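Below is one structure, written out as structure tokens, with a few remarks after it.
The values are calculated or read from the model by the stated rules, or taken from the named source; none is laboratory data. What you are looking at is a predicted structure, and each value in this text was computed from that prediction instead of being measured. With ideal geometry, Cβ positions are generated from the backbone for all residues, glycine too; neighbour counts draw on all protein chains shown. The accessibility values were calculated without ligands, DNA or RNA, using every heavy atom of the protein model including side chains. Shrake-Rupley method; radii C 1.70, N 1.55, O 1.52, S 1.80 Å.
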Amino acid sequence: MSQANRTAPGSSPERLGAMQAARLLASREITAEQLTRACLDRIQAREPIIKAWTCVQADAAIERARQLDRGPIQGLLHGLTLGVKDLFDTADLPATYGSPIYHGHRPKSDAASVALCRQAGAVILGKTVSTEFATFQPGPTRNPVNPDHTPGGSSSGSAAAVADYMSHLAFGTQTAGSIVRPAAFCGIVGYKPSFNHVTRAGIKSLSESLDTVGALARSVEDVALLVAALTHDRRLLDLDWQGTARIGLCRTPWWDAADPDAQAALESAGIALSRAGATVSDASLPGSFAGLVDIQQEIMAFEAFQALSHERLTAAEQISPSLTALLQRGESITFQRHQENLANAELARRDMDVAFNDYDLLLTPGAAGEAPRFEVSTGDPLFCRSWTLLGLPCVQLPVTTGATGLPVGVQLVGRYAADPALLRIARWAEGRLAA
């Protein structure tokens, strides 16, 4: 289990879990200003190394915290610190979408999810680094466990900020593996809700069929809290699990691409959950699953070519070679091919829905292993692409460390729209998988 999750009630404010802090704020045992100042102090100390933020609004955050302390409890996120991925529009902060094309860009309004968090009482500390348009060209952010390694992408800054105690909560988005993979690499919890469960209004689009808004935090109850505030789905706050969880151990068709650490983590997690009372059996996937990675890549490329039309037509020289290659691939895909891909994805969704008659969730790798070195890549989203395409809810849990001491986790995948059940079992599993 990640060190980030080992927080006691007496911990310093920045190290409290979000739900822990929310309870203390509600009882006025701690103030929002104390919480905010602790996180800002942490940012000041660590940001020169980690580089998780594109901008921090310290004065505005402190004033917001003071306003909250003077008034009644405002909502689920009252006084909690939040990092906003630089893919989201913000009325009071720049939004560059991880691209030099938008240097200095100032939106006139908040993304809907940002506005909802303000309404729920969050204290926005600033904007966290995103890769270029949420693709694969990295920003400057380093992995807080070992700065020689990547934090993953595209929610690089959000994952690093949460893992390094700079913020209690942070936004992520996932089009391929951009919540689960950085959460795995940084040793925290990531939650990608079911597709379309969280509004995407005001977020720079990459792929309309895939883009999903989610949460990064240090526990399952914390990611559930953030998404409950975004969706008004109070069922996400009821995390008591009663019964015997039916878990499908899902090695996927790409098992050989997982390194020994990732394979061992999955196998040992299955054994631990079985010993804790779950029914764990090898998962049988429908035949349609095998081709989903290729379909996801083609849908993402086709839709990115459309979504970034303005940028490629007016500022192509400022687009990275890796993104240029993705857009060129998208241009080569015909409309008919895209429609076939969408139809095949829908058939696979139906097949997977039937498969879930035998399981409450699937236990599967979320990443191929430990985080690569910073200069190599942000990591391969191979073990996330299919679940994102299917629109299924996913939770990444940290469970161990690999050969070089970096975090290794497992991914829990639930049935579409069965997010409350997935989170309940994930919280139960979280306690049983502690290292």
Checklist line | Efficiency of FRET between A276 and E317 - r from beta-carbon atoms, R0 41 angstrom, step 0.05 | finding: 0.15
Check: Hey, in the GNM for the chain with a 10 angstrom Cα cutoff, which one of G17, G277, G379 fluctuates hardest?
Finding: G277
Checklist line | the chain: most fluctuating residue of P286, P365, P407 per GNM, C-alpha cutoff 10 Å | finding: P286
Notebook entry, point to check: So for the chain, taking the charge dipole from beta-carbon charges (+1 Lys/Arg, -1 Asp/Glu), which of S332, A272, P260 sits furthest toward the positive end?
Noted result: A272
Note to self: Expected output is a single nm value to one decimal: the length gained when fully extending between S332 and E346, i.e. 0.36 nm times separation in residues minus the C-alpha distance. What is it?
What the structure shows: 2.8 nm
Next item on the list: Taking the dipole about the Cα centre of the chain, with the C-beta of Lys and Arg at +1 and of Asp and Glu at -1, give me whichever of P393, S178, C55 is farthest to the positive side.
Entry: C55
Next item on the list: Would you check the chain for Lys pairs whose C-alpha atoms are within less than 15 Å, ignoring same-chain pairs closer than 8 in sequence, and give me the count?
Entry: 7
Next item on the list: For n ≥ 4 DSSP H runs only, could you compute -39500 (n - 2.57) per run for the chain, divide by its residues and tell me the 222 nm figure to the nearest 500?
Entry: -12000 deg cm²/dmol
Next item on the list: Provide the convex hull volume over Cα atoms per residue for the chain, in Å³.
Entry: 125
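For the range 181-326, with only Lys/Arg (+1) and Asp/Glu (-1) charged at the beta-carbon, what is the dipole magnitude about the Cα centre, in debye rounded to 20?
Around 320 debye, computed over the range 181-326.
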Next item on the list: Starting from the Cα of A403, move 7 Å in the Cα-to-Cβ direction to define the label point; list residues of the range 337-377 whose amide nitrogen is under 13 Å from there.
Entry: 369-371
Margin query: With a 1.4 Å probe and all protein chains kept in place, how do H310, H197, H78 rank by accessible area, largest first?
Written below: H310, H197, H78
Next item on the list: With only Lys, Arg, Asp and Glu charged, each at its Cβ (+1 for the first two, -1 for the last two), find how big the charge dipole of the chain is about the Cα centre; round to the nearest 20 debye.
Entry: 900
Margin query: Starting from the 7 Å offset along Cα-to-Cβ, what nm value, one decimal, do you get for the label separation of K108 and T244?
Written below: 6.1
